[in-house]
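The values are calculated or read from the model by the stated rules, or taken from the named source; none is laboratory data. All values derive from a computational prediction rather than experimental measurement. Quick reminder, even Gly has a Cβ in these numbers, built from the backbone with ideal geometry, and neighbours come from all protein chains shown.
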Amino acid sequence: MIPSVLPTYNRAPLEFVKGEGSWLIEADGRRFLDLGSGIAVNVLGHAHPELVATLTEQARNLWHVSNLYHIPQQQKLADMLVDKTFADTVFFTNSGTESCELAVKMARKYWYEKGVPERVEIIGFEGAFHGRSSAGIAAAGSEKMTTGFGPLLPGFKHLAWSDMAALKAAIDDKTAAVILEPVQGEGGIRPMADDMLREVREICDAAGVLLILDEVQCGMGRTGRLFAHEWAGIAPDIMMVAKGIGGGFPLGAVLATEAAASGMTAGTHGSTYGGNPLGCAVGGKVMEIVSEPDFLGAVNARAGALRQKLEGLVASHPEVFEEVRGTGLMLGLKCRVSNADVVKAGYDNLVITVPAADNVIRLLPPLNITEDEIAEAVERLDAAAAAIESVSSSV
């Protein structure tokens, strides 16, 4: 008999009832160090007092009115994003998947309005994850994401990761845009090198096509800059944002230049809940905190400390771990044993990590995790690795 909750998730046997900063409390009282942050969502940890206060205050006043009316909290957050980024305009969504849908529509509508309606193809890269909608899985193109869901939405090409020669060859008179994650998350914590990101921008400029960056997972301070592409000194035409922007409240956005968004006029897109007062009030507080230079400087310091300790962990357990990957507080451990076993051993040692492709476990802690918590987390990962080695040696 099918359960009342559709069984599309392979859930761990854990039931968390409370969160405090970098900690999650299970129903039985055990305290877990959270290096997953709800998959890069809780950038300020659990129950951050300023976010709780902001949400509570807004909840007392107004929850939802729809986009038939002006929403001051939405306007404030849009102004902050425009002020802090490349963007001229913002559309608010509820998730990264919705942001992908709009990014695709926006790129195609741009060319339609320019009188070149045949420019509909969007070029992406192997290993990508852009959400689970029809456009999202077509943009990623992996067999795992697409099997059984055909016919797929047409108009997408897929290239090998970081293959610049293939990108140049793939762009033709049907190309509308290139889409990529500056750091692949689901794909195994694979950053695109800064020089390659710059080359992608140059290739797009030379061909006159749009560049869409998916910063749903790597954005909002996760890499030590507000957005990951800033390290390469480039700017996209369209950018997808979600996860961390709401600090745990469902919120997403599409940021764009005036030119890229020129086709999106009144009536061309909409969202019932997108940009609601509750989400935007919380998002505004998240932006206020995360965009501060001192906060981002602290993220980089914590990232350096965590990476150093993880390098030591890999050196101590060469039969379990192969390498450390990633940047900022978006790090991965490439495993020699099954990454599922490492995640499970972490649960047994009260530390949470997130599996990814290429046999990697993701480490995506709250951006305000303390140095003591970093040390404790690595000690727990060390115990998990030792437990795996003990089992292997006894077989």
- request: With a cut-off of at least 1 residues that are buried (at least 21 other Cβ atoms within 10 Å of the Cβ) and of a type outside the set (Lys, Arg), name the helices (runs of 4 or more DSSP H) lying wholly within the stretch 130-209.
  value: 134-140, 164-170, 194-207
query: If you take the residues of the stretch 318-358 that are of a type in the set (S, T, N, Q) and under 17 Å from ASN10 (Cα atoms), which of them is surrounded by the most Cβ atoms within 10 Å (Cβ to Cβ)?
result: THR353
statement: The lone condition PRO293 fails out of (1) of a type outside the set (Lys, Arg); (2) under 24 Å from MET106 (Cα atoms); (3) more than 20 Å from the chain's Cα centre (by Cα) is (2)
- request: Name the residue, out of PHE92, PHE32, that is in contact with a Cys (Cβ under 9 Å, 6 or more places away or on another chain), part of a strand (DSSP E or B) and at pLDDT 95 or above.
  value: PHE92
- line: Checked against (1) touching a residue at least 24 places away in the same chain (Cβ under 8 Å); (2) more than 16 Å from MET264 (Cα to Cα), GLY141 satisfies every condition except (1)
message: If the requirement is being β-branched (Val, Ile, Thr), more than 20 Å from the chain's Cα centre (by Cα) and assigned by TED's automatic domain parsing to the domain that holds GLY244, which of these qualifies: THR56, THR85?
response: THR56
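In this structure, does VAL337 turn out to be in contact (Cβ under 8 Å) with a residue 24 or more places away in the chain, of a type outside the set (Phe, Trp, Tyr) and not in a helix (DSSP H, G or I)?
yes
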- request: Determine whether the stretch 345-360 contains at least one residue that is within 16 Å of LYS309 (Cα to Cα) and out of contact with any Leu (no Cβ under 7 Å at 6 or more places or on another chain).
  value: no
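Checking the structure you have, find out if any residue of the stretch 9-24 is in a helix (DSSP H, G or I), within 24 Å of the chain's Cα centre (by Cα) and buried (at least 22 other Cβ atoms within 10 Å of the Cβ).
There is no residue in the stretch 9-24 that is in a helix (DSSP H, G or I), within 24 Å of the chain's Cα centre (by Cα) and buried (at least 22 other Cβ atoms within 10 Å of the Cβ).
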- prompt: ALA386 passes all but one of (1) touching a Pro at 6+ places or on another chain (Cβ under 9 Å); (2) of a type in the set (A, V, I, L, M); (3) surrounded by fewer than 21 Cβ atoms within 10 Å (Cβ to Cβ); which number fails?
  reply: (1)
- prompt: Restricting attention to the stretch 1-43, which residues are at negative phi and of a type in the set (Val, Ile, Thr)?
  reply: ILE2, VAL5, THR8, VAL17, ILE25, VAL41, VAL43
